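Following: one structure in structure tokens, then a few remarks.
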Amino acid sequence: MAKERRERTVNEKPLIPERYQHAAAIALLVVSLIAFFHEIIFSGKTFLAEDNIASHSFDTLIDDAKQQGIFPLWNPYIFCGMPSYGSLTLGGERGFDLSSELFALVIRAFSSIATDATVGRVLFYYVVLAVGMYLFTWHKLRQKIPAFVAALATVFSMYIVIWIMAGHNTKIAVMAFFPFIFYLVERLREKWNTMFALLMVIALHFMFVPAHIQMIFYTFLALGIYGLFLALRALRNKESWNGIARVAAVVVVASGIAFLMDADKYLSVLEYNPYSIRGMAPIVQSSEGTTKEGGLDYEYATNWSFAPGEMMTFFVPSWYGFGVHPYQGPLSNNQVMKVNTYFGPQPFTHAPQYMGVVVLVLALVGFVRNRKEPFVLYMGIVIVFSMLVAFGREFPLVYDPMFKYFPMFNKFRVPSMILVLVQIFVPILAAYGLASFIGGRDASMPPAAVKRWKYTLGGLAGIFGVALMLPSIIRGIYGAFFPQEVIGRKFTNLPAPYVAELYTFVVNAVVTDVIIGALVLLATFGALFLYLRRSISLTMLSAVIVLAVVADLWRVAYKPMETSDAREFQQYFTMPEYVRFLQQDTTKYRVLEFINGQPPYNNTLAYWRIENAFGYQGAKMRWYQDVVDVAGLRNPLVWQLMNVRYIITNQPDTAEYLSLVYNGPDRKVYHNTSALPRAFFVNRYEVAQGLDILEKIRARAFDPRDVAYFVDDPKASIDPPHPAANAVITHYGIQDVELRVTASGNNLLFLSEAYYPEGWNAYLNGSPIPIHRVNYMFRGVIVPEGVHTLEMRFEPRGFYLGKNLSLAANILVLGAIGFFAVRHFRKRPDSGQPSS
């Protein structure tokens with residue numbers, strides 16, 4: 001009977017006809033994503049992570065720019081103004097980028113399935129990543145089931161799936177094209193194909209569009225290591241370099257063309273970078289963690305270093321407390337709530353770097369069994385290298401030389417972010433491991449092999465039984481590594497009983513992880529053993545492994561997921577009464593907000609067109625940050641220079657010059673009685689070094705109406721203004737300002753606007769005049785006697801040049817793709833075969 005059963009499994013027809021298997025695999029991947037995010041798609045839910053909310057703060061600015069028919073290059077609502085596009089804060093419609101516009105149509109069509117279209121657009125990139133992983137892994141192995149498992153494991157890997165929950169949307173938008181790029185690299189290395197070379201341009205272009213520079217950097221780092229690996233291997237084995245040289249040339253040229261397709265964005269970034277905190281050295285040691293060389297401070301850059309001990313979370317996700325997950329108990333009055341119990345060496349984390357214990361074990365098998373295959377060896381090298389870099393300051397052997405000497409690397413923070421390469425290559429290795437089992441079926445398995453399998457399954461069954469029946473043993477082992485005092489040191493703000501409760505919660509989570517980990521491994525390897533003995537079919541094996549992987553990954557990935565009713569999102573942007581009060585003042589002014597004495601990193605006021613002298617942006621202007629670092633934002637002279645008329649706070653404030661004008665339940669608004677207008681005349685000027693100017697501001701050592709300080713001498717004669725002299729703002733646009741100026745002589749006009757030389761131009765009665773850098777970070781112009789129209793317009797050359805380059809490159813690439821596509825299909829009827 002056993003022999004007959006084995007014969008049936010050998011000759012069993014596939015559940016899905018072979019011609020439909022690729023389509024079915026992709027359809028199942030899409031369905032799995034829809035099922036996992038069903039609340040977002042069908043139930044009117046959304047993610048209200050801080051980054052998701054922050055990204056909508058400038059919706060009003062974007063809408064205003066759209067209505068005015070302009071591309072928003074400048075942001076007047078934060079930091080006294082700053083480049084919006086060059087800092088990658090926001091952008092507008094890029095109709096000249098024809099390929100992206102076509103791609104956007106596909107994204108919009110897909111996103112329409114979700115009640116929250118914004119989340120739907122992000123979810124589309126997960127579909128792209130899943131399809132790319134399936135395509136690439138299938139190309140390497142020519143086995144559909146392992147390719148499907150690799151794709152499934154990648155998109156539900158904890159570090160990758162959490163991006164959409166945390167609002168890190170540009171990360172997935174970049175990495176979605178990673179497997180397509182490697183697929184094209186492999187195809188071009190094997191043989192030249194013009195269409196594949198053009199598709200490489202498109203893939204790189206789409207990767208460049210979201211502009212997450214760190215993720216783009218890691219993609220090229222992985223490509224560079226691969227090229228070096230292949231070159232050294234060819235040198236050692238005395239093999240031909242043709243394929244390597246060909247693909248290297250394609251990547252270089254394609255990257256250049258892709259850059260041109262995005263030139264409007266990247267020329268703007270390159271234009272702005274020398275003036276940002278990432279590109280200009282601070283005048284003093286910066287609170288933003290940058291160095292005199294313009295890179296990030298080492299301590300600041302390495303805050304999120306991945307400790308070697310945290311590798312245990314690859315097997316037991318709760319080993320360091322996990323991160324954010326549901327809790328119900330005394331700490332929450334027995335209500336279900338989200339808590340963060342992570343107690344590891346990083347400042348905090350939402351979730352561990354969990355890839356699935358089944359996937360990880362299969363990956364180890366895949367590497368051991370296929371380590372002589374070049375791409376497998378390469379993946380192993382990248383995984384080890386990425387781990388060493390991710391350790392950062394916890395194990396600086398590799399990270400420190402990279403930080404000191406590798407181009408651009410010292411501008412990146414969060415060393416653990418490089419583990420995205422691990423999260424992609426481990427599932428591919430797992431596919432290799434699974435493929436080795438599927439291809440190794442043998443009814444006459446040697447007795448020694450059967451014995452090893454039984455020992456393995458017996459060991460897993462033993463771990464499962466002990467964890468399930470005697471959990472105190474697991475608790476004891478865990479307690480030997482992490483006694484309660486360890487978690488207490490992380491949560492010093494909690495009383496001892498609460499710490500004990502959290503510790504018990506974490507220990508129980510570890511026990512659960514061990515139980516479920518052992519169970520899914522037992523199911524997976526039990527099914528593999530039966531399959532190898534020809535006791536079950538490939539269909540049954542596939543079902544068991546897919547279910548084990550999904551159960552393992554979904555269980556963990558669901559923990560940090562916190563959805564909210566989409567209507568709650570509107571509550572964040574429901575106008576509060578204090579904003580309504582501020583909007584009664586229709587003149588030009590700025591505000592500063594202090595929550596518990598500190599300015600919050602928040603851009604929400606921009607939604608209501610309130611200009612904030614502070615805000616949130618990871619690459620703010622260096623001169624602004626220098627003012628904050630030296631003079632401080634509690635300085636009344638800084639308030640005067642920044643045109644701060646109102647102080648918003650949640651606490652009473654008795655500071656000089658402040659008068660309470662609005663007293664709400666959660667916010668108070670104070671009028672700064674010493675406030676100065678947005679533009680005013682100054683009696684005279686002096687020239688001083690930058691730090692000296694900042695020290696004068698810090699010490700409140702001058703009256704800004706009497707004297708202005710120039711960094712560079714304009715060598716001009718300035719007349720004190722007559723009382724009748726004035727400057728009236730007649731138009732204040734997003735990126736243009738117009739004033740009617742009445743000057744009594746050669747007068748110096750100060751404007752409380754951020755000085756930025758790459759694009760701001762001034763015109764007096766239509767003729768250009770220079771803009772001077774005044775009082776360290778502001779603008780000044782010298783106006784001759786008479787009544788004039790003064791215009792300032794933001795006209796950055798990088799954007800307008802890049803816009804034309806992008807259009808030209810798009811026409812060239814899309815035209816070439818169309819030409820070769822037509823030629824391809826015209827040839828098919830003649831040859832009867834697809835052309836190569």
Item checked: Selected residue (only one of GLY440, GLY458 is in contact (Cβ under 8 Å) with a residue 12 or more places away in the chain, closer than 21 Å to ALA523 by Cα and surrounded by fewer than 16 Cβ atoms within 10 Å (Cβ to Cβ)) -> GLY440
Notebook entry, point to check: How many of the residues making up segment 593-640 are under 20 Å from PRO83 (Cα atoms) and either more than 26 Å from the chain's Cα centre (by Cα) or of a type outside the set (Ser, Thr, Tyr) (or both)?
Noted result: 23
Next item on the list: Go through segment 533-589 and tell me which helices (runs of 4 or more DSSP H), entirely inside it, have 1 or more residues that are at pLDDT 95 or above.
Entry: 538-557, 577-582
Checklist line | Hits in segment 73-101 (condition: over 13 Å from PRO210 (Cβ atoms), in a helix (DSSP H, G or I) and either open to solvent by less than 30 Å² (accessible area, probe 1.4 Å) or touching a helix residue (DSSP H, G or I) at 6+ places or on another chain (Cβ under 8 Å) (or both)) | finding: LEU98, SER99
Check: Looking only at segment 777-793, which residues are within 33 Å of the chain's Cα centre (by Cα) and open to solvent by less than 10 Å² (accessible area, probe 1.4 Å)?
Finding: MET777, PHE778
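To keep it simple, each residue is scored yes or no on (1) surrounded by fewer than 21 Cβ atoms within 10 Å (Cβ to Cβ); (2) part of a strand (DSSP E or B); (3) touching a Pro at 6+ places or on another chain (Cβ under 8 Å).
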{"site": "PRO317", "(1), (2), (3)": "no, no, yes"}
{"site": "HIS325", "(1), (2), (3)": "no, yes, yes"}
{"site": "LYS338", "(1), (2), (3)": "yes, yes, yes"}
{"site": "PRO345", "(1), (2), (3)": "yes, no, no"}
{"site": "THR349", "(1), (2), (3)": "no, no, no"}
{"site": "TYR354", "(1), (2), (3)": "no, no, yes"}
{"site": "VAL358", "(1), (2), (3)": "no, no, no"}
{"site": "VAL361", "(1), (2), (3)": "yes, no, no"}
{"site": "LEU364", "(1), (2), (3)": "yes, no, no"}
Item checked: Yes/no for PHE182 being in contact with an Asp or Glu (Cβ under 9 Å, 6 or more places away or on another chain), farther than 26 Å from ILE41 by Cβ and touching a residue at least 12 places away in the same chain (Cβ under 8 Å) -> no
Notebook entry, point to check: Only one of these conditions is not met by THR118: (1) open to solvent by 30 Å² or more (accessible area, probe 1.4 Å); (2) assigned to a helix (DSSP H, G or I); (3) within 29 Å of HIS824 (Cβ to Cβ). Which number is it?
Noted result: (3)
Check: Is it the case that some residue within segment 406-425 is touching a Pro at 6+ places or on another chain (Cβ under 9 Å), farther than 30 Å from ARG533 by Cα and of a type in the set (A, V, I, L, M)?
Finding: yes
Notebook entry, point to check: Among all residue pairs at least 6 apart or on different chains, which show Cβ distances below 9 Å where the first residue, located in segment 202-214, is under 18 Å from LEU267 (Cβ atoms) and assigned to a helix (DSSP H, G or I) and the second is β-branched (Val, Ile, Thr) and open to solvent by 20 Å² or more (accessible area, probe 1.4 Å)?
Noted result: LEU204/VAL251; LEU204/ILE257; HIS205/ILE257; ILE213/VAL269
Check: Are any of the residues in segment 675-693 among the hydroxyl-bearing types (Ser, Thr, Tyr), open to solvent by 20 Å² or more (accessible area, probe 1.4 Å) and at pLDDT 95 or above?
Finding: yes
Check: Can you find even one residue in segment 152-170 that is among the small types (Gly, Ala, Ser) and not in a helix (DSSP H, G or I)?
Finding: yes
Checklist line | Hey, ASN663 surrounded by fewer than 20 Cβ atoms within 10 Å (Cβ to Cβ) and at pLDDT 95 or above or not | finding: yes
Note to self: Tell me the residue from PHE395, PHE406, PHE425 that is surrounded by 18 or more Cβ atoms within 10 Å (Cβ to Cβ) and of a type outside the set (Asp, Glu), please.
What the structure shows: PHE425
Item checked: Of the criteria (1) out of contact with any Lys or Arg (no Cβ under 9 Å at 6 or more places or on another chain); (2) in a loop (DSSP other than H, G, I, E, B); (3) buried (at least 17 other Cβ atoms within 10 Å of the Cβ); (4) of a type outside the set (Phe, Trp, Tyr), which one ILE70 fails -> (3)
Notebook entry, point to check: What pairs can you find where one residue is in segment 73-91 and farther than 16 Å from GLU758 by Cβ, the other is in a loop (DSSP other than H, G, I, E, B) and among the hydroxyl-bearing types (Ser, Thr, Tyr), and their Cβ atoms are less than 8 Å apart, with a gap of 6+ or different chains?
Noted result: ILE78/TYR616; LEU90/SER84; GLY91/SER84; GLY91/TYR85
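The values are calculated or read from the model by the stated rules, or taken from the named source; none is laboratory data. All values reported here derive from a predicted model rather than from experimental measurement. Every residue, glycine among them, receives a Cβ derived from its backbone with ideal geometry; neighbour counts consider all protein chains shown. Surface accessibility is based on the protein's heavy atoms, side chains included, excluding ligands, DNA and RNA. Shrake-Rupley method; radii C 1.70, N 1.55, O 1.52, S 1.80 Å.
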